[in-house]
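Okay, structure first, notes after.
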Amino acid sequence: MAFEIVIGLEVHAELATRSKIFCSCSSERGAEQNRSVCPACAGMPGMLPVINRKVIDLAMTAGMLLNCQINRVISFDKKNYYYPDLPNAYQITQWFSPICRDGFINIDTQDEPRKIGIKQIHMEEDAGKLIHDSVTGTSLVDFNRTSVPLIEIVSQPDLRSAGEVTAYLHRLRALLRYGGISQARWEEGSIRCDVNISVRREGADEKSVRTEMKNMNSLSAIERAIEYESTRHIEAIEYGTERLIQETRGWDDAQGCSFSMRHKETAADYRYFPDPNLMPIRIDENWIKRIQSALPETPELRAGRYIQAYALSKPDCELLVSSPAIADLFEAVAEKTGLPRETAAWIISDLFRIARRLKTNLDDISISSEKFADLIIMVANNEINRAAGRKALDMLFEHGTDPRDFARDNNLAINKDTGDMEQVVRQILRDHADIVSDYVGGRVKARQALVGAVMRALKGKGDPAIVNHILDDAIAKLPSE
Amino acid sequence: MAEYITQAEIISNGRTAVVDDTILVTGMPATAGSKALENFKPLFDAEAVARLKANGYVISGKANVGEFALDILGETSYYGAVTDADGCLAGAASSLVAAGKADCALCLDVNGAPRRAAALSETVFIKPTYGTVSRHGAIPCVCSAEQIGVAARSVAHAADTLGVIAGFDQKDGTCIHESACYHITNAEGLRVFTADELGSQKKAEDALTAAGARIRRGSFAIAEAVRSAWHVLLCAEVCNNLSRYDGVKYGYRAPVYTNIDELYTNSRSQTLGITAKSMILYGSDVLSKDRYTQCYEKALRIRRLAHETLTKLFSEYDVFLLPACSVPSYKNGSLELLYRESLFTAPASITGFPAVALRGVQLIAAPLMETKALTAAAVLEGVI
């Protein structure tokens, strides 16, 4: 019997505003503990929330990029619960009337493109952070993050596999970054994800039990958690290994298993009600138009444009548009070099490799497009070879070194003096008579060893085409034995 | 053409104000009458206080209030109730004003206590239209309704001081840009409504008639529904706003606890009084998933109905004359009595319409039409 996995995601993204949602404290990360705090976001009595309009702009931008309906009247509600990181003992959120509804995201999976529904997007404030000191057994609260604006993007339960979830999150994250909506960095928690998962027999109408996994903050952990959790569900249904209950579960990535946190049946009643301190805000046509006119080109459209204009493959284009920083770099360099295909190859195979090695987020890559373009031209014109080009890119990436300076200082310019090369080739043939006779005797592979020896002797500066030519010539001229 | 006055030149205009303990004044404690805020020192002045100071008023001190200003006349204050020589309850702020210890008082009208206090003393209290005085710096309790108002010995003086504190403030998102007029004019031709359901105000009616006003009796049939709805909204917001006093950040923390739940439970059990606790329990019930629609949402509908009913009434009348309370004095408060007495204060509370209280009565006017209620009040203060 085949099983179907049903997954819905709730993604929280921290909005890229300079100040918090209801006060003027900085919302930037990195401040010393409890420095970005005022009486309002510390829950002191007497301060009233005043909405930061930029938050609404960004939430609307997100809604438009995710093809949502935008509600014309915005209101906020209070969600009541006690936790030490929540200074007012309530969170201001949108419960009754979220700003955006009924959108979708197109994703590409191995099989077919799919449209994943977006149920709603709503705005809310973040909570603070508890820091537990295991030495003294005390807990301390840092209010720097309280009242930092968030949007929560709730998908429909349309996702069917870990792969689809990954594709959805990649696309969503790219959209958030393209729109300047959120930094959306998993590693700093400016994007995080709750996963709702259930399993049912394919085609069956039986009621399935849903579990929710909270606050997942890496793509690989999400994939592992989905694999684990769906297997657990399937085994429970098929073999009766356990009785499934609706509950919230945590994910222990180190152990590779999920664990029960609390039962949904006894979950808190949040006692939502409209916040009387925040008057409903009407969104008029002009506001809608202003946001619409500032929308960025979506990664989808950009990828389509690259396919059209540069005849690049679809998978390559997807990689290029995965981050606006990369897409911008690609466009700038392709324009300067006039070599879009070479540029794409340099970015996808070389730049990404360096970024992986240095563990640099693609969004954080900032190298000079002029210098990068120059490097690609140098290789294309055979001024330096590809291997030297890679070294130059390393230096450009890590230290900003100009590739021309690097080539000059390290004497990498390709040697085009054929006289020099002929001499080297003759010497190599003499030194490696055994390999030469292997090659002449029919072992084709032996030729590569000779080329390698010549290139090493030329210290990597030999023009491969010329070297090959001279080598063939020299072998042909060898006296036959 | 106001003359420009620099900060250095501002000296006392000779007027003193006391501020009730639900309103923040830098350098003075702000307890809201609760043990939960024992020794709490605010970091800033309430906007209304800042405006008084900027206009040369001297803040002479804080006045005691019932816990979070929820009760009849201050009887639930952790710091003790204020009573007169006969042992009757008296609002602390209005007592200070009546005794001449201060020229006026700022009071947060949460559940009608400042109106009752004025009506039972020789003072006047005006609760202005919701949104005309900033609530920035008022310890929040019922955010959808409470307003800072002014108590004074004369209607003119209350109106004058209200003019100083009123006006848009961007720190309060519910502040409105429109402003009211606080002039006292001629009562000739003033159209006054009284409700059968709320009893006759013989002396006041006679005085207003003598001044040329026209009195009409009619029905205000929704009075009891308004009271019930008001209590639902009041308790819900009290439940929500008092949650922040959890012992974690400031104020009182229980000395003994073994985990965070006990820290909350013990701190809150040991601080809040029975009135606040009852309201919190009732409020958390009406906001619960099971009861929200039948209680809270219904109360919001009655609030809208009250608004529509009074708006219609004020298309025919200038002032709604009604009692401020049912008895001439209180020796003790109780939850039951508090509920009964809010029959008279709930209409202005739930709608946010302006109301002036003095000499046992209340005068409600249409939003921003304070001038009508003040004009009627000025007639009464000279006669009753």
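The values are calculated or read from the model by the stated rules, or taken from the named source; none is laboratory data. Because the structure is predicted, anything quoted here is derived from the model rather than measured. Don't worry about glycine lacking a Cβ; one is built from the backbone with ideal geometry, like all the others, and counts go over all protein chains shown. Just so you know, the surface numbers come from the protein's heavy atoms only, side chains and all, with ligands and any DNA or RNA stripped out. Shrake-Rupley method; radii C 1.70, N 1.55, O 1.52, S 1.80 Å.
Observations on the model:
- HN-Hα J in Hz across the stretch B:163-171 - Karplus 6.51, -1.76, 1.60, θ = phi - 60°, x for Gly and Pro: x, 6, 8, 7, x, 3, 9, 6, 7
- Peptide ranges B:308-316, B:366-374 listed from the most packed, as the mean C-beta count within 10 angstrom indicates: B:366-374, B:308-316
- When you filter the GluC sites (Glu not before Pro) in the stretch B:87-190 for DSSP loop state and at most 12 other Cβ atoms inside 10 Å of their Cβ, you are left with B:Glu178, B:Glu188.
- Computed from point charges on the beta carbon alone (+1 for Lys and Arg, -1 for Asp and Glu), the dipole magnitude for the stretch A:3-286 about its Cα centre is near 780 Debye.
- When the Cα convex hull of chain B is projected onto planes of every orientation, the mean area is 19.4 nm².
- With 10 Å² as the minimum drop in accessible area between chain alone and full protein complex (1.4 Å probe), the qualifying residues in the stretch A:273-313 are A:Phe273, A:Pro274, A:Pro276, A:Asn277, A:Met279.
- Accessible surface of the stretch A:64-187, 1.4 Å probe, proportion on carbon and sulfur as whole %: 49 percent
- For B:134-144, mean number of other protein chain Cβ atoms within 10 Å: 4
- Cβ charges +1 (Lys, Arg) and -1 (Asp, Glu), total dipole of the stretch A:404-481, debye: 180 debye
- Positive-pole candidate from B:Pro114, B:Gly218, B:Ala98, dipole of the protein assembly as shown, charges at beta carbon: B:Gly218
- Carbon plus sulfur fraction of accessible area for the stretch A:418-477, probe 1.4 Å, in percent: 53 percent
- Using a cut-off of 21 Å between Cα atoms, the listed pairs A:Lys54/A:Lys289; A:Lys20/A:Lys129; A:Lys20/B:Lys35; A:Lys336/A:Lys371 include A:Lys20/B:Lys35 as exceeding that distance.
- Accessible surface for the stretch A:3-286, divided over its residues, is 43 Å² per residue with a 1.4 Å probe.
- Each residue of the stretch A:466-472 was assigned a 3J(HN,Hα) from its phi angle through the Karplus curve 6.51 cos²θ - 1.76 cosθ + 1.60 (θ = phi - 60°); the sequence is 5, 4, 4, 4, 5, 4, 4 Hz, with glycine and proline shown as x.
- With one equal scatterer per alpha carbon and no solvent term, the Debye-computed log10 I(q)/I(0) for chain A at 0.07, 0.08 1/Å reads -0.53, -0.66.
- The stretch A:378-425 - charge dipole about Cα centre, Lys and Arg +1 at Cβ, Asp and Glu -1, debye rounded to 20: 160 debye
- Candidates B:Leu208, B:Ala180, B:Leu321 compared by Cα position along the dipole of chain B: farthest toward the positive end lies B:Leu321, with charges placed on Cβ.
- Ratio of Rg to Rh for the stretch A:272-360: 1.25 [Cα atoms; Kirkwood radius as inverse mean 1/r over pairs].
- Translational diffusion coefficient of the stretch A:368-481 (Stokes-Einstein, Kirkwood radius from Cα pairs, 4 °C, 1.567 mPa s): 85 µm²/s.
- Among the residues of A:72-82, the average count of other protein chain beta-carbon atoms within 10 Å of the residue beta-carbon is 2.
- Compactness of the stretch B:1-154 is given as radius of gyration and Dmax, 14.9, 50 Å, from Cα positions.
- Of the residues in the stretch A:14-53, those shielded by at least 40 Å² of accessible area once partner protein chains are present, compared with the chain alone at a 1.4 Å probe, are A:Met44, A:Pro45, A:Gly46, A:Met47, A:Leu48, A:Val50.
- Between the alpha-carbon centres of the stretch A:343-392 and the stretch A:211-247 there is a gap of 41 Å.
- Per-residue ellipticity at 222 nm, computed for the protein assembly as shown from helices alone with -39500 (n - 2.57) per DSSP H run of at least four residues, works out to -11500 deg cm²/dmol.
- Taking every C-alpha pair closer than 8 Å and separated by at least 6 residues, the mean separation divided by the residue count of chain B gives a relative contact order of 20 percent.
- Once the gyration tensor of the Cα atoms in the stretch A:1-149 is diagonalised, the equivalent ellipsoid follows with semi-axes of 32, 21, 14 Å, ordered largest first.
- Taking one quarter of the surface of the convex hull spanned by the alpha-carbon atoms of the protein assembly as shown gives a direction-averaged projected area of 50.9 nm².
- By the Cβ distance rule of under 4.7 Å, chain A has these cysteines without a partner: A:Cys23, A:Cys25, A:Cys38, A:Cys41, A:Cys193, A:Cys257, A:Cys317.
- Relative to its residue count, the stretch A:297-409 spans a Cα convex hull of 92 Å³ per residue.
- The string of couplings for the stretch A:45-53 from the Karplus curve (6.51, -1.76, 1.60, θ = phi - 60°) is x, x, 9, 10, x, 10, 5, 7, 5 Hz, one whole number per residue in order, with x for Gly and Pro.
- In whole angstrom, the stretch A:3-286 maps to an equivalent ellipsoid with semi-axes of 32, 24, 18, each derived as √(5λ) from the alpha carbon gyration tensor and ordered largest first.
- Leaving ligands and nucleic acids aside, the B/A contact buries around 2800 square angstrom of accessible area in total at a 1.4 Å probe radius.
- Residue (of A:Tyr272, A:Ala345, A:Ala327) at the positive-pole extreme of the stretch A:255-370, dipole from beta-carbon charges: A:Tyr272
- DSSP beta bridges fully contained in the protein assembly as shown are about 80 percent antiparallel.
- Relative contact order, whole percent, for chain A stands at 13, derived from Cα pairs under 8 Å and 6 or more residues apart.
- Per-residue packing, averaged as other Cβ atoms within 10 Å, sorts the ranges A:143-153, A:314-324, B:23-33 into the order A:143-153, B:23-33, A:314-324, beginning with the highest.
- The separation of the stretch A:14-78 from the stretch A:132-203, counted between C-alpha centres, amounts to 18 Å.
- C-alpha center-to-center spacing [the stretch B:147-226, the stretch B:63-125] in angstrom: 20 Å
- For the stretch A:418-477, the spread of Cα coordinates along the three principal axes comes to 29, 20, 20 Å, biggest extent given first.
- Anisotropy class assigned to the stretch B:179-262 is prolate, per the alpha carbon gyration tensor with a/c at or over the 1.5 cut-off and a/b larger than b/c.
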